[in-house]
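J.: Have a look at this one before I ask anything.
No lab work stands behind these numbers, since they all come straight from the coordinates. Being a predicted model, the structure only gives us computed values, none of them experimental. Quick reminder, even Gly has a Cβ in these numbers, built from the backbone with ideal geometry, and neighbours come from all protein chains shown.
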Amino acid sequence: MNRLGEREAVLEILTGIRENGTYSHIAVKEMLDRCEREGMDRRQRAFVKRLTEGVIERRIELDDVLRRYAKKGARIRPVIRDILRMGIFQILYMDSVPDSAACNEAVKLTKKYGKKELSGFVNGLLRSAARDKEAGKLAADSAPGTGDLSDTGSLSRRFSMPEWIVSMWREQLGEEETEKLLEALLKVRPVAIRFDDRCSQERREEILAQMSEKGVKAVKGQYLPYCYELTGTDSIQELPGYREGLWTVQDESSMMVAEAAGLAGGETVYDVCAAPGGKAMHCASKLLAGSAGGTETGKVHAFDLSKGKTAQILKNVRRMHLPNVVVAQRDALIPVPEEAGKADVLLCDLPCSGLGVIGRKRDIKYHVTPEQLTELAQLQKSILRSAAVYLKEGGVLIYSTCTINKGENGEIAEFIEKEMGLRPDPLAPYLPDTVPGIRGNQLQLLPHVHGTDGFFLARFVKIKPDDQEET
């Protein structure tokens, strides 16, 4: 078997993303699984992951650096551009790699995957970049003519974020908050996990101790007692407690949806865009835990559009041992009239731009467009109109997204209130009082403020006719 080296593995990932349009987090996982099968050790796999994610995440900055050294108007073959990006990233951000090694390995890759006659060009460019780094001239904000670091173009280059996103956030959040957000999105985030509500504190501590023995560090989340953040993880599925269904991967921001629902026990919950099932499963485990004292067990109906997504939900539900979850393939835009008024709680975690999870899915920022934001807002409104049929009078609707954009968040919340006639209901009684930024029935979570993904949620109640008359 011709086993891949670390940098060859990275180049194959980058090539696959470029040629096949594969999302980076999927391509990285597939390659790491392959590397493990081929005998690559944990340290080497960590190098592959770090270099791949770094090149993707810092692409705008790396290309800005590359333009300084390539001849103006020069056409660089895609594979050579990827090799150069890898070399520049190692020189700039991987102190454990000597600059000479970054250059030499890039030359080897060029000879193997590009053209031998280009090896001199690659070697010369990277060695010039390495010399300039030593002289303090290689930072993204040090190029001649970049101007004020606070302008949109400079922030874009410095934090490798498309200019239109920087501009939008500066308008919506302000300059200072935008810079803090951009910086936070480049930081490596731990893996957040949620222990099942039925898992005792004693069992939880046993599992955490076993994780520690495997070199995994676990610290409590910011706000919720069953949330822990893991660092030093390798294969999540091999960690203690995972296969037994005692915990699942879920960001703490997402966990707040089930908290905001305010489940008392016995409710019927509908989740209309449920894949991969985290929020539905969280509600289901809360309902099961609540029924232990004799309360009637509630039920969660988890829907999604495709067979593949519903299969994913089913797989997760079975691993977590949740008999009170009913999974079905259903288009959220097409309501089922026979089920009108069945839901005590309606979860609408809807398709969005995903700008809040850029720190985990690093290529999202290169795929989304301003036009898509408008289209997504219209889709969100359409789904909400259709899904609201399921909500009974007095029932609770939780709207949520994993993005940071008023057009998909605050403006949709306003639509739910003014166009759909649902009443905003305060979040504070349902969330920990340590969570900053709650504004009435809405909460925008931000990585630099909350230490979570960027996430939005809002709580509403369907007004009964007699209540509507009173108001």
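J.: Using the Cα centre of region 191-249 as the reference point, and only Cβ charges (+1 on K/R, -1 on D/E), how large is the resulting charge dipole? Debye, rounded to the nearest 20.
T.: Numbers: 8 positive and 10 negative charges, 25 e Å.
Result for region 191-249 is approximately 120 debye, rounded to the nearest 20.
J.: Give me the Å³ per residue figure for the convex hull around the C-alpha atoms of region 307-410. Write out the running numbers ahead of the final one.
T.: Working: hull volume 13.8 nm³, N = 104.
Expressed per residue, the convex hull around the Cα atoms of region 307-410 is 133 Å³.
J.: Using +1 at the C-beta of Lys and Arg and -1 at the C-beta of Asp and Glu, which of A27, Y226, S160 has the Cα lying farthest in the positive direction of the dipole of the chain?
T.: The listed residue farthest towards the positive side: A27.
J.: Using R₀ = 45 Å, calculate the FRET efficiency as 1/(1 + (r/R₀)^6) where r is the Cβ-Cβ separation of R131 and Q378; round to 0.05.
T.: On the way: r = 52 Å, r/R0 = 1.15.
Taking R0 as 45 Å, the efficiency between R131 and Q378 is 0.30.
J.: Here is a further query. In whole angstrom, note down how far apart the Cα centers of region 235-278 and region 373-426 are.
T.: If we compute the Cα centre of each part, the gap is 21 Å.
J.: Count the net charge of all other residues whose Cβ sits under 13 Å from the Cβ of E408, scoring Lys and Arg as +1 and Asp and Glu as -1.
T.: On the way: positive: K381, K406; negative: D349, E375, E411, E414.
Result for the local shell: -2.
J.: If each of K214 and K29 carries a label point 7 Å out from its Cα toward its Cβ, how far apart are those two points in nm?
T.: Going from the K214 label point to the K29 one covers 1.6 nm.
J.: What does the highest-first list of 315-324, 231-240, 43-52, 87-96 look like by mean Cβ count within 10 Å? Numbers along the way, then the final one.
T.: Details: 315-324: 17.3, 231-240: 14.3, 43-52: 18.8, 87-96: 20.6.
Peptide ranking by packing, descending: 87-96, 43-52, 315-324, 231-240.
J.: May I pose another question? Per 10 Å bin from zero, what fraction in whole % of the C-alpha pairs of region 194-250 is there, up to the bin with the longest pair?
T.: Pairs per bin, as whole percents: 24, 64, 12.
J.: Let me ask another. Using a Förster distance of 22 Å, how high is the FRET efficiency between S386 and S306, based on the Cβ-Cβ distance and rounded to 0.05? The partial results should precede the final answer.
T.: Values: r = 17 Å, r/R0 = 0.79.
Efficiency, from the Cβ-Cβ distance: 0.80.
J.: Magnitude of the Cβ-charge dipole of region 59-107, K/R +1 and D/E -1, about the Cα centre, nearest 20 debye?
T.: On the way: 9 positive and 7 negative charges, 98 e Å.
Rounded to the nearest 20 debye, it is 480 debye.
J.: Taking the alpha carbon gyration tensor of region 143-243, what are the square roots of 5 times its eigenvalues, largest first, to the nearest whole Å?
T.: 41, 15, 10
J.: So for region 342-471, taking the charge dipole from beta-carbon charges (+1 Lys/Arg, -1 Asp/Glu), which of L422, G359, P432 sits furthest toward the positive end?
T.: G359
J.: Strictly over 27 Å apart at the Cα level, which of K133/K220; K299/K361; K279/K406; K315/K464; K286/K309 would you flag in this model? Could you put the intermediate results ahead of the total?
T.: Numbers: K133/K220 38 Å; K299/K361 32 Å; K279/K406 23 Å; K315/K464 38 Å; K286/K309 23 Å.
K133/K220; K299/K361; K315/K464, as the Cα separations exceed 27 Å there.
J.: Only counting other Cβ atoms within 10 Å, I'd like M281, M168 sorted with the fewest neighbours first.
T.: On the way: M281 27, M168 20.
Exposure proxy ranking, most exposed first: M168, M281.
J.: Let me ask you something else. Which of rounded, prolate or oblate describes region 253-470 when judged by the alpha-carbon gyration tensor and an a/c cut-off of 1.5? Before the final figure, lay out each step's value.
T.: On the way: a/c = 1.29, a/b = 1.15, b/c = 1.12.
It is rounded, given that a/c, with a ≥ b ≥ c, falls under 1.5.
J.: Under a Cβ-only charge scheme (Lys and Arg +1, Asp and Glu -1), can you give me the dipole magnitude of region 6-160 about the Cα centre, in debye to the nearest 20? The partial results should precede the final answer.
T.: On the way: 31 positive and 24 negative charges, 117 e Å.
Computed about the Cα centre, the dipole is about 560 debye.
J.: Within 15 Å, Cβ to Cβ, of Q222, how many net charges do the neighbouring residues add up to if Lys/Arg are +1 and Asp/Glu are -1?
T.: Details: positive: K187, R189, R194, K220; negative: E229, D251, E252, E259, D433, D453.
Its environment carries a net charge of -2.
J.: Calculate the spin-label point distance for E371 paired with E205, positioning each point 7 Å from the Cα along the beta-carbon direction, and give it in nanometres.
T.: Between E205 and E371, the simple spin-label model gives 5.8 nm.
J.: Looking at the chain, what % of its DSSP beta bridges pair antiparallel, to the nearest 5? Can you show the working numbers first?
T.: On the way: 25 of 43 bridges.
DSSP beta bridges in the chain are roughly 60 percent antiparallel.
J.: Still on this structure, I have one more. Could you put C352, C103 in order, starting from the residue whose Cβ has the fewest other Cβ atoms within 10 Å?
T.: Going from sparsest to densest Cβ surroundings: C103, C352.
J.: I'm spelling it out carefully: the read-out is semi-axes √(5λ) of the Cα gyration tensor in Å, the candidates are (i) 41, 23, 19; (ii) 83, 30, 19; (iii) 44, 26, 19, and one was derived from this structure. Which label?
T.: Label (iii) holds the value from this structure.
J.: Quick one: order T15, T152, T401 by neighbouring beta-carbon count within 10 Å, fewest to most.
T.: Values: T15 15, T152 18, T401 26.
With the sparsest Cβ surroundings first, the list reads T15, T152, T401.
J.: Let me ask something else about it. Go through S100, S285, V249 and say which Cα lies farthest out towards the positive end of the charge dipole of the chain; charges sit on Cβ, +1 for Lys and Arg, -1 for Asp and Glu.
T.: S100
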